[in-house]
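> Before I ask anything, here is the structure I am working with.
The values are calculated or read from the model by the stated rules, or taken from the named source; none is laboratory data. Note that the structure is predicted; figures quoted are calculated from it, not measured. Heads up, the Cβs are rebuilt from the backbone with ideal geometry, glycines too, and the neighbour counts pull from every protein chain shown. Surface accessibility is based on the protein's heavy atoms, side chains included, excluding ligands, DNA and RNA. Shrake-Rupley method; radii C 1.70, N 1.55, O 1.52, S 1.80 Å.
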Amino acid sequence: EESRQVNNQLDNIIDNQAMQIKLSGLTKNITLEREPTDKELNELYQQHKEEYRQISTFQFTQYLLTTNRYGGQAVSKAENILNTIPANRQPPLALASLNTLEIDRLYGAEFSKKIVAEVLQHPHNLPCWTKPITSKIGAHLLCFKQANIGAIPELEFIRPEVINHWRYKTARKQTAGN
């Protein structure tokens with residue numbers, strides 16, 4: 001029984017490592033053969049650190065003012081509501097528990113980055129009733145109950161991924177320059 005568990009864990013490690021090696025090889029074939037210098041790799045990592053953040057999870061209630069209903073006035077309507085909400089008042093809305101992948105699926109790519117940034121601006125207390133945050137469907141006022149912000153892995157732990165990112169970006173620049 002115990003040896004079977006060890007073998008299953010070993011298979012997962014080997015499969016993951018094999019996939020990383022295959023991905024790196026394929027990326028080299030369609031982009032660049034050259035390896036980035038440590039400086040180039042570190043610069044790219046520093047510029048795009050947020051993109052490597054692990055999944056974050058949130059619990060929040062919200063006022064959502066959709067563009068379907070309010071059109072171009074959704075943000076100003078949200079600002080008006082924000083001015084009338086007493087601090088920490090709970091709205092008559094359900095509590096949502098979502099991770100960043102679910103949030104972006106529901107509200108559009110990049111929305112989770114906006115709410116991660118909002119939470120990170122308030123490191124000692126979660127914001128309750130943010131300024132309007134826009135998504136593909138409207139303007140949101142959020143009151144966070146809980147936030148678990150995903151860590152950004154150190155470069156050494158995601159080096160193959162960052163090298164592939166560097167290769168794609170560098171190849172794209174070279175293609176655009178020609």
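> Can you put 130, 170 in order of accessible area, largest first, using a 1.4 Å probe?
170, 130
> Which value in nm describes the separation of the simple spin-label points at residue 124 and residue 158, placed 7 Å from the Cα toward the beta carbon?
Reported label-point gap for residue 124 and residue 158 is 2.9 nm.
> Separate question: Describe numerically, in nm with one decimal, the distance between label points set 7 Å from Cα along Cα→Cβ at residue 38 and at residue 106.
4.4 nm
> If you don't mind, another one. Excluding residue 130 itself, calculate the net charge of residues whose Cβ lies under 12 Å from the Cβ of residue 130, where each Lys or Arg counts +1 and each Asp or Glu counts -1.
Summing Lys and Arg as +1 and Asp and Glu as -1 gives 0.
> If we count every other residue with Cβ under 15 angstrom of residue 70's Cβ, Lys/Arg +1 and Asp/Glu -1, where does the sum land?
So the surrounding residues net to +2.
> Under a crude label model (7 Å from the Cα following the beta-carbon direction), how far is residue 55 from residue 174 in nanometres?
3.6 nm
> For residue 137, what accessible area in Å² do you get when you roll a 1.4 Å probe over the heavy atoms of the protein chains, rounding to the nearest 10?
50 Å²
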